[in-house]
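Before any comments, here is the structure.
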Amino acid sequence: MLTKTSILRVVSKLLIPPIMLFALYVQFHGDFGPGGGFQAGVIFASAFILYALIFGVDNARKVAPAWLTRLMLAAGLLLFAGVGVFTMFLGGDYLDYSMLSKDPHAGQHLGINIIEFGVGTTVAGAMITIFLIFDGRLRAEKKD
Amino acid sequence: MVVIAYLLLRMHNLFAVVMMSGIYSLLAAVLYVIMDAVDVAFTEAAVGAGISTVLMLGTLALTSRRDKERTGNKPIPILIVTITGLLLIYGTLDMPPYGDPTAPIHHHVGRYYIDNSGEQVGPPNIVTSVLASYRGYDTLGEVTVIFTAAIGVMALIGRSRKRKKKLKTN
């Protein structure tokens with residue numbers, strides 16, 4: 001890995017926090033501006049991958065072990081589908097967010113935010129998982 | 001974009017091909033911005049130019065950096081591709097010009113979303129309310145696709161280490 005190049009280390013240290021913050025902004029501001037869960041998840045994952053490329057995948061694995069990324073992968077999708085089931089229990093159709101609150105607008109807003117969060121979690125989890133698996137495979141091949 | 005697409009076809013160094021396809025995606029994102037599709041452009045820049053380039057590089061590290069040299073040009077594939085391309089271009093001749101307000105696409109559900117989204121759903125970004133609320137099932141499907149893709153990668157190359165250990169112990 002590129003750990004000995006100090007320019008890359010310093011620049012990426014400066015860049016990673018703003019990238020993550022930007023991902024959160026895209027995530028929760030998607031109903032007012034462009035963006036949403038998909039983009040936010042990818043941006044979040046790219047911050048993580050940048051960290052893994054500069055500081056080594058072993059350090060990155062300490063931050064996000066395999067079980068965590070796999071949990072994110074499944075939890076986001078379950079959250080999305082769960083909101084749908086939940087609105088059915090509240091007496092509406094599947095994924096009818098208006099049921100989530102007395103005011104349909106507030107309900108829609110809440111529902112959209114929750115499912116976008118689920119989307120972001122799954123996308124980030126999927127991207128990081130795929131990246132880590134590629135790395136694991138690469139090491140397995142090098143050992144042979 | 002056309003120049004880059006042509007270069008993509010002609011190059012044999014796969015590392016350069018991956019970089020070129022990233023540039024191609026970025027140019028496509030610029031095109032989407034020009035066409036006022038900011039959300040699509042955002043996705044294209046993040047996914048097409050960002051993550052997929054990294055994943056492609058990962059794939060290259062697992063496989064080879066150069067593709068196999070092909071011998072000569074084969075006439076039949078080129079003929080088929082040219083005919084298909086010409087047919088597609090011929091098909092676009094019937095389409096209404098870009099930005100035409102009387103085009104059918106602006107009078108079906110698009111009109112309905114623009115008129116009612118503020119009242120029925122709320123968020124100022126209509127794209128978000130269409131994606132998450134009107135077309136919630138589609139988005140759920142898309143997330144399932146991404147989930148399945150990650151599971152597929154896991155099943156294909158993720159478990160190999162354990163399997164190799166088993167082979168060795170056998």
Among the residues of segment B:47-54, is any more than 11 Å from chain A (Cβ to nearest Cβ) and open to solvent by less than 40 Å² (accessible area, probe 1.4 Å)?
no
Hey, among B:PRO101, B:PRO123, which residue is closer than 13 Å to A:GLY36 by Cβ and not in a helix (DSSP H, G or I)?
B:PRO123
Tell me, which residue of segment B:138-163 that is of a type outside the set (Val, Ile, Thr) and at the interface with chain A (Cβ under 7 Å from one of its Cβ atoms) is farthest from B:ASP94 (Cα to Cα)?
B:ARG161
If you scan segment B:22-38, which residues turn out to be in a helix (DSSP H, G or I) and either open to solvent by 40 Å² or more (accessible area, probe 1.4 Å) or at pLDDT below 85 (or both)?
B:ILE23, B:TYR24, B:LEU26, B:LEU27, B:VAL30, B:LEU31, B:TYR32, B:VAL33, B:ILE34, B:VAL38
Considering only segment A:16-32, state which residues are surrounded by 16 or more Cβ atoms within 10 Å (Cβ to Cβ) and over 22 Å from B:ILE146 (Cβ atoms).
A:ILE16
Single unsatisfied condition, B:VAL30 versus (1) closer than 20 Å to A:SER46 by Cβ; (2) touching a residue at least 40 places away in the same chain (Cβ under 8 Å):
(2)
Segment B:148-163, subset in contact with a Lys or Arg (Cβ under 9 Å, 6 or more places away or on another chain) and modelled with pLDDT under 75, residue surrounded by the most Cβ atoms within 10 Å (Cβ to Cβ):
B:GLY158
Residue list for segment B:113-123, filter: at the interface with chain A (Cβ under 10 Å from one of its Cβ atoms) and at pLDDT 75 or above:
none
Condition first: more than 18 Å from B:LEU55 (Cβ to Cβ), within 9 Å of chain B (Cβ to nearest Cβ), open to solvent by less than 20 Å² (accessible area, probe 1.4 Å) and in contact with a helix residue (DSSP H, G or I) (Cβ under 9 Å, 6 or more places away or on another chain). Can you find one or more residues in segment A:49-64 that meet it?
no
Restricting attention to segment B:62-74, does a residue exist that is within 11 Å of another protein chain (Cβ to nearest Cβ), modelled with pLDDT under 80 and open to solvent by 60 Å² or more (accessible area, probe 1.4 Å)?
yes
In segment A:97-139, anything in contact with a Leu (Cβ under 8 Å, 6 or more places away or on another chain) and outside any helix (DSSP H, G or I) is listed as A:SER101
Check off (1) loosely packed, with under 14 Cβ neighbours inside 10 Å; (2) out of contact with any Ser or Thr (no Cβ under 9 Å at 6 or more places or on another chain) for B:PRO96 and give me the number that stays unchecked.
(2)
Candidate set: segment A:31-48, residues that are among the aromatic types (Phe, Trp, Tyr) and in a helix (DSSP H, G or I); chosen: the one nearest to the other protein chains (Cβ to nearest Cβ)
A:PHE38
Quick check on segment A:90-103. Is at least one of its residues open to solvent by less than 60 Å² (accessible area, probe 1.4 Å), facing chain B (nearest Cβ under 8 Å) and of a type in the set (Gly, Ala, Ser)?
no
Between B:VAL127, B:VAL145, B:VAL109, which is under 17 Å from the mean Cα position of the chain (by Cα) and open to solvent by 40 Å² or more (accessible area, probe 1.4 Å)?
B:VAL145
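The values are calculated or read from the model by the stated rules, or taken from the named source; none is laboratory data. Keep in mind that what you see is a predicted model, and the values were worked out from it rather than measured. So basically every Cβ, Gly included, is an ideal-geometry build from the backbone, and we count neighbours across all protein chains shown. Ligands, DNA and RNA are stripped out before the accessible areas are found, and what is left, the full protein with its side chains, is counted by its heavy atoms. Shrake-Rupley method; radii C 1.70, N 1.55, O 1.52, S 1.80 Å.
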